[in-house]
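The values are calculated or read from the model by the stated rules, or taken from the named source; none is laboratory data. Fair warning: this is a prediction, and the values are worked out from it, not measured in the lab. With ideal geometry, Cβ positions are generated from the backbone for all residues, glycine too; neighbour counts draw on all protein chains shown. For accessibility, only protein heavy atoms count, side chains too; no ligands or nucleic acids. Shrake-Rupley method; radii C 1.70, N 1.55, O 1.52, S 1.80 Å.
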Amino acid sequence: MENKPPYPAMPLNADESIIKPSASFKKSVMDVTFAIFTFVVSYILLLICAIAIAAIFAVIGGGLIVAVQSFLTLILGGALIISGLLLIYFLVKFIFKKQPVDYSGMLEITRTEQPELFLFIQNITEEVRAPFPKRIYIAADVNAGVFYQSTFWSMFLPVKKSLKIGLGLVNCLNISEFKAVMAHEFGHFSQRSMKFSSYVYNMNRIIYDMLYENDDYFHTASVVARMHWIVALGVRMNIYLIQGMQKILQKLYVFLNKKYLALSREMEFHADAIAAYVSGANQCIISLRKIELGHECYTEVFSFLDKLAEDKQRPENIYPHHKEAIKWYAQNQNLAVDNNGMPTLEKQVTAFNNTQIIIKNQWSSHPSNNDREQHLNLAGLNTSTISNSAWDLFKEPEILQKQLTDVLYANMQGPFEILTTETISTRYNEQNYTNSYNPVYKGFYSSRYLTEFDTNEALKTASPATMVFDELFTDDNCNIPALINGLKTDLNTVEFIIESDQITTFDYQGIKYQKSDAGDIKLILQKNLQEAEEQLAMLDKLSFQFFYSKSAAPENLINGYEELFKCQQQTKQYIDLYEKLINEINPIFTTMKFADIELTVSAIYDREEELKPVLTTFTTDTKYSKLISAEDLKSLNIYLSKKWVYFNHPDYDEPSIQLLTRNVNTFYKIVADHFFTVKKTLTDSQLGLARIDK
């Protein structure tokens, strides 16, 4: 008999007070209640005004028709009556529209098909005291969510909610973490404030309908207006009235949604508290980190699969490759893994956490993961981890995985050759080994230029006897390049805050600051950036000194560094040329006067005089030509064969422009690939020369 996976226990001695709505939650509920009340009153007043105007038009129009019996008064009276009716219709037409739920990309599962999963979910709903979902669906992505069909009448009638489980999510989590995610979703099921979602959704739909979904209305008005010029005047007056109403609706939209999104963020915190109460705050925190990493790897593996799709090839099952991407990421980041090979993420992934300035986004429906972790840590509830994969809850999971894979490719133009998991895994691993640096460096050399120095001078100051590989390439040291990128991002954010008229406060390192403090924070960031760049420069030099001291062929190492430094200088020049080309091509895709078009195209021709000789060299020099695909080489040769005309008054030559942009992008790719190849050759060879087996 097959063993059932254990069910994770609730935390011991959990204080039920943590699941009570907070003061800020209650305040947000009151704010949204007031916002909804304001909207309803405003809408009713608009409707009353419309009915009153229609009634006045009807009285005047009817009076004209009855009192003055002429063709002109008949038309005028009819125009007034029609104008009034159109005004009322404009305010109520949303009632007659349906907004169906989009079930594409989802498959429904039942209790008969998945008894263990349904029992697991039933246990969670009982602990959370939430209703069992109306239906349960599976999707392909790294997500889970509550959804229901929201209609005009759902504001007044009870609506049963359904649950969506992304199989990419299941792929990332163990059973304890999966329980935490499901408990969070059922925390939403239990929130009476979820009813506000229906109100706000429908009110937004009403506003959107009145602001944008007016094609049928204006078509009807246009048909009516063509009846007579007097009728057209009535319709025009009607449109002016509607435009006034739309301005009021736009202000109501901003007011209503700012209040609701603030409540939505509080609902996330509350659902987190419920999840912590039944599954442990530690499981909630780790699941947040794993979902973030899972998203990153899901996107990464699909960039690989998209290339296969271009050749009409696809996997039979995407999920082994997603899991492989997670394991590869864990290896590259030197993350601890469990007995399933999945990262444990007992601490945050530094690559995701290098920016320290946060502008609270009043238009965001979810708080940041850092804010959620801080709130969860306040709960202080931990549970032991059941490390069984969440897939253990599913019956015949591989069948579900293949079904969802088929759904993903259903809308792509086929037919596809279906490759085995083993074939794709081999290709994926080959690509990773070919296109990434050795994992022992933990990303230290990735996506950057090395600090350039005089190798002979560096050797004069070396103290190799004190250096050890693991002490040199520590997690903190290897994170410095990412830290520098984060500091640069923060500096850009501070500049934005200083220049913005809309931002009054921001957070830095978890502390709230006023806009007036932004200049001081900028100075701190600049100092930190300078120190980090100096530390990175020192580490680049130390790593050279270390490998030189261990190398069996030190001259080869020196030659490798000098070749890389020369390549870097050339690469910087090429990237500068690429950026200038892009800046000169981009205006083509905007509206310009003919004289400006001529100047723009002339500037492109001037820049091509630099580009074409370089591309010619690339096609003949083997160190570059080996990096060019046959298809790209064919395109390059066509482009280099003559001078292309990009504008022939009064029209652009679209095929020529497409050829130009394609080959400019090919230029960038060749430059980047060559630089990567030279740097990877050096970083791999220095391990070999130093006889370091990692």
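Leaving out ligands, DNA and RNA, what percent of the accessible area of the chain is carbon and sulfur, probe 1.4 Å?
In the chain, the share of accessible area belonging to carbon and sulfur is 56 percent.
Please give the length that would be gained between residue 13 and residue 502 if that part of the chain were fully extended, namely 0.36 nm times their separation in residues minus their C-alpha to C-alpha distance (nm, one decimal).
171.5 nm
Would you grab the residues whose amide H sits under 5 Å from the one on residue 647? Only those 5+ places off in sequence or on another chain, please, with H modelled 1.01 Å from N.
653
If I take R0 = 30 Å and measure r between the Cβ atoms of residue 359 and residue 524 in this structure, what FRET efficiency does the formula 1/(1 + (r/R0)^6) give, to the nearest 0.05?
0.95
Show me, for the range 281-295, the HN-Hα J-couplings you get by feeding each phi into the Karplus relation (A = 6.51, B = -1.76, C = 1.60, θ = phi - 60°), rounded to Hz, glycine and proline as x.
5, 4, 5, 5, 5, 5, 5, 4, 5, 5, 5, 4, 5, x, 4
Residue 309 to residue 661: FRET efficiency via 1/(1 + (r/R0)^6), r the Cβ-Cβ distance, R0 22 Å, to the nearest 0.05?
FRET efficiency, residue 309 to residue 661: 0.50.
Could you give the angle, 0 to 90 degrees to the nearest 10, between helix 594-620's Cα long axis and the longest principal axis of the Cα atoms of the chain?
Computed tilt is about 30 degrees.
Which of 692, 624, 594 sits closest to the plus end of the dipole of the range 594-694, meaning its Cα is farthest towards the positive end, when Lys and Arg get +1 and Asp and Glu get -1 on the C-beta?
692
Which of 444, 537, 50 sits farthest toward the positive end of the charge dipole of the chain, with +1 on the Cβ of Lys and Arg and -1 on the Cβ of Asp and Glu?
Farthest along the dipole direction, towards plus: 50.
Report, in degrees rounded to the nearest 10, the 0 to 90 angle that the Cα long axis of helix 319-332 makes with the longest principal axis of the chain.
Computed tilt is about 50 degrees.
Among the listed pairs 527/669; 323/442; 307/566, which are separated by more than 28 Å between their Cα atoms?
527/669; 307/566, as the Cα separations exceed 28 Å there.
Please state the relative contact order of the range 306-424 as a whole percent: Cα pairs under 8 Å, 6+ residues apart?
Normalised by residue count, the contact order of the range 306-424 is 56 percent.
Considering amide H positions built from the backbone, and no H for Pro or chain starts, which residues 5 or more places from residue 313, or on another chain, come under 5 Å of its amide H?
417
Between residue 622 and residue 134, what is the label-point separation in nm under the 7 Å Cα-to-beta-carbon projection?
The two pseudo-label positions are separated by 6.8 nm.
What accessible area per residue, rounded to a whole number of Å², is obtained for the chain using a probe radius of 1.4 Å?
51 Å²
In deg cm²/dmol, rounded to 500, what helix-only [θ] at 222 nm does the chain give when every DSSP H run of at least 4 residues adds -39500 (n - 2.57) and the total is split over its residues?
-22000 deg cm²/dmol
Could you rank the peptides 168-174, 372-378, 81-87, 17-23 by their average count of other C-beta atoms within 10 Å per residue, with the highest value first?
Sorting 168-174, 372-378, 81-87, 17-23 by mean packing, highest first, produces 168-174, 81-87, 372-378, 17-23.
Of (i) 41.8; (ii) 51.4; (iii) 35.6, which is the value of mean projected area of the Cα convex hull in nm² derived from the coordinates here?
Of the listed options (i) 41.8; (ii) 51.4; (iii) 35.6, (i) comes from this structure.
Starting from the Cα of residue 556, step 7 Å along the direction of its Cβ; do the same at residue 653; then give the gap between the two resulting points in nm.
Label-label distance for residue 556 and residue 653, simple model: 5.1 nm.
How far is helix 480-499 tilted off the main Cα axis of the chain, in degrees rounded to 10, range 0 to 90?
40 degrees
So for the chain, taking the charge dipole from beta-carbon charges (+1 Lys/Arg, -1 Asp/Glu), which of 173, 504, 640 sits furthest toward the positive end?
Farthest along the dipole direction, towards plus: 504.
Taking the Cα centre of the chain as origin, work out the dipole magnitude from +1 charges on Lys and Arg Cβ and -1 charges on Asp and Glu Cβ, in debye rounded to 20.
Approximately 2400 debye in magnitude.
For a quick check of your reading of the filter: which trypsin sites (Lys or Arg not before Pro) in the range 278-338 sit in a DSSP loop and have no more than 14 other Cβ atoms within 10 Å?
Those that pass, being in a loop and sparsely packed, are 312.
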